[in-house]
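The values are calculated or read from the model by the stated rules, or taken from the named source; none is laboratory data. None of these values were measured; they are calculated from a predicted model. Backbone-built Cβ (ideal geometry, glycine too); neighbour counts: all protein chains shown.
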Amino acid sequence: MINSAKTPKSFGFRMPAEWENQEAVWISWPHNEVTWTGITLEEVENSYIEFVEALHTGQKVKILVNDENSKEKTIQKLKSKKINFSQIIFYKIKNIDAWIRDYGPTFVINHKTKQKAMVKWTFNAWGDKYEELKEDNQIPYEMNKIMKLSMFEPGIMLEMGSIDVNGSGTLLTTEQCLLNKNRNPNIKKEEIEQCLKDYLNVSNILWLKEGIAGDDTDGHIDDIARFVNQNTVVCAVEDNKNDENYKILKENYELLLEMKDENGKNLNIVKLPMPGFVGDDERRYPASYCNFYIGNETVCVPVFRHENDEKALKILQKLFKNRKVAGIDCTAMVYGFGALHCCSQQEPKVL
């Protein structure tokens, strides 16, 4: 069992909501030609360039590159846009794949002591699916050689794409992922809940069922439901009854309607459409507008050249009145089984 006396909660740390003030966004520049083959990788890089351009005016962008050559190539690509390079910080940290949301650390903060700390989960490449990607489990250690923060290690398998918090005590997740036997086969649901409470300082855990079709992460929450403020959740819904996501998302929506926040109040649930089938003859990919990233000034939303793109952007713009909502084409990126939220990790600012 975890010693609760030496956890972030015991020292007054908590995980902030994504819309709280950020110091930076962390990304790993894409380079893996197995994840994205040929011209697809170039398209993905173009999406990253737009992502950096949209976010960097409101916060630092910290970019992991493998070496000096990779750094120079990335700089040249970014020069195609009006980028203020004083906002860009490069770190030469070897990485295999781009999905820093899942192998990166969770940053937690203590406003009273003005401290920031790091929670280092164990990354097993989404349930031992990709042996060659497990090396990325070491990246938080390399990051912390630079940052020199207090580091907490729960010792359980968890990816950050599998959870979402409202910053005041409530956490959203799915049974399909966190209770999957390919993650923590010997840990009970109650123990996982206690770990989340101790390491993220939450008190109220809400469990949805399954994630969307095509998701190789076993049901990450950031494709199906996201907090946009303390008591409002956007929930992906599929209107086409013949689509394989229809029943899955309908069940999650109905569950959310019955759920409460940490104060026992009903949540405000807002429907967000889906972009339909995105894929090829071989398989479907996990395309969802829920995979957005909330920056200080801009909310970056993946779009997929679908008629629902504009609908999703308008819904989110109404919810984020004080931020610009920007659509970024992720049609190529999602072929690597992720989008904007998956490829980024927020670092909060201690105020």
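For the range 278-300, give me each residue that is out of contact with any helix residue (DSSP H, G or I) (no Cβ under 9 Å at 6 or more places or on another chain), assigned to a loop (DSSP other than H, G, I, E, B) and buried (at least 17 other Cβ atoms within 10 Å of the Cβ).
none
In the range 201-268, which strands (runs of 3 or more DSSP E) lie fully inside it and hold 2 or more residues that are in contact with an Asp or Glu (Cβ under 7 Å, 6 or more places away or on another chain)?
Per the criteria, 204-208, 225-229.
Identify, by number, the condition in (1) out of contact with any helix residue (DSSP H, G or I) (no Cβ under 9 Å at 6 or more places or on another chain); (2) surrounded by fewer than 16 Cβ atoms within 10 Å (Cβ to Cβ); (3) without any contact (Cβ under 8 Å) to a residue 60 or more places away in the chain; (4) closer than 17 Å to Ile27 by Cα that Ser70 doesn't meet.
Single failed check for Ser70: (2).
Of the residues Asn110, Asn184, Asn180, Asn144, only one is polar (S, T, N, Q) and touching a Phe, Trp or Tyr at 6+ places or on another chain (Cβ under 8 Å); which?
When all the criteria are applied, what remains is Asn110.
Being among the β-branched types (Val, Ile, Thr) and surrounded by fewer than 18 Cβ atoms within 10 Å (Cβ to Cβ) is the filter here; which residues of the range 207-235 pass it?
Listed by number, the list holds a single entry, Thr232.
Okay, residues lined up against (1) among the small types (Gly, Ala, Ser); (2) buried (at least 21 other Cβ atoms within 10 Å of the Cβ); (3) outside any loop (DSSP other than H, G, I, E, B); (4) modelled with pLDDT of 95 or more:
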{"site": "Glu23", "(1), (2), (3), (4)": "no, no, yes, yes"}
{"site": "Trp26", "(1), (2), (3), (4)": "no, yes, yes, yes"}
{"site": "Pro30", "(1), (2), (3), (4)": "no, yes, no, yes"}
{"site": "Glu33", "(1), (2), (3), (4)": "no, no, no, no"}
{"site": "Thr40", "(1), (2), (3), (4)": "no, no, yes, no"}
{"site": "Glu45", "(1), (2), (3), (4)": "no, no, yes, yes"}
{"site": "Thr57", "(1), (2), (3), (4)": "no, no, no, yes"}
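Quick one: Leu64 ticks every box in (1) within 25 Å of Asn144 (Cβ to Cβ); (2) part of a helix (DSSP H, G or I); (3) modelled with pLDDT of 95 or more bar one, so which box is it?
(2)
Output the residues belonging to the range 301-314 that are more than 25 Å from Thr35 (Cα to Cα) and surrounded by 20 or more Cβ atoms within 10 Å (Cβ to Cβ).
Ala312
Condition test on Asn291, is it within 27 Å of Gly169 (Cα to Cα), modelled with pLDDT of 95 or more and under 18 Å from the mean Cα position of the chain (by Cα)?
yes
For Thr170, state whether it is within 17 Å of the chain's Cα centre (by Cα), of a type in the set (Ser, Thr, Tyr) and under 23 Å from Pro8 (Cα atoms).
Yes.
Counting only residues that are more than 17 Å from the chain's Cα centre (by Cα) and among the charged types (D, E, K, R), which one in the range 90-125 is surrounded by the fewest Cβ atoms within 10 Å (Cβ to Cβ)?
Only one residue fits best here, namely Lys112.
Are there any pairs, at least 6 apart or on different chains, whose C-beta atoms fall under 8 Å, with the first in the range 166-185 and closer than 25 Å to Ile294 by Cβ and at pLDDT 95 or above and the second in a strand (DSSP E or B) and among the polar types (S, T, N, Q), and if so, which?
From the range 166-185, the pairs are Asn166/Asn229; Gly169/Asn204; Thr170/Asn204; Leu171/Asn204.
Can you find, within the range 126-149, the residue that is farthest from the chain's Cα centre (by Cα) among those that are assigned to a helix (DSSP H, G or I) and of a type in the set (Phe, Trp, Tyr)?
The extreme case among them is Tyr141.
Might you check whether a residue that is in contact with a Leu (Cβ under 6 Å, 6 or more places away or on another chain) and closer than 18 Å to Glu297 by Cβ occurs anywhere in the range 24-41?
Within the range 24-41, one or more residues are in contact with a Leu (Cβ under 6 Å, 6 or more places away or on another chain) and closer than 18 Å to Glu297 by Cβ.
Search the range 327-338 for residues being among the aliphatic types (A, V, I, L, M) and crowded, with 21+ Cβ neighbours inside 10 Å, and hand back the single one that is farthest from Thr57 (Cα to Cα).
Ranking the qualifying residues of the range 327-338, first place goes to Val334.
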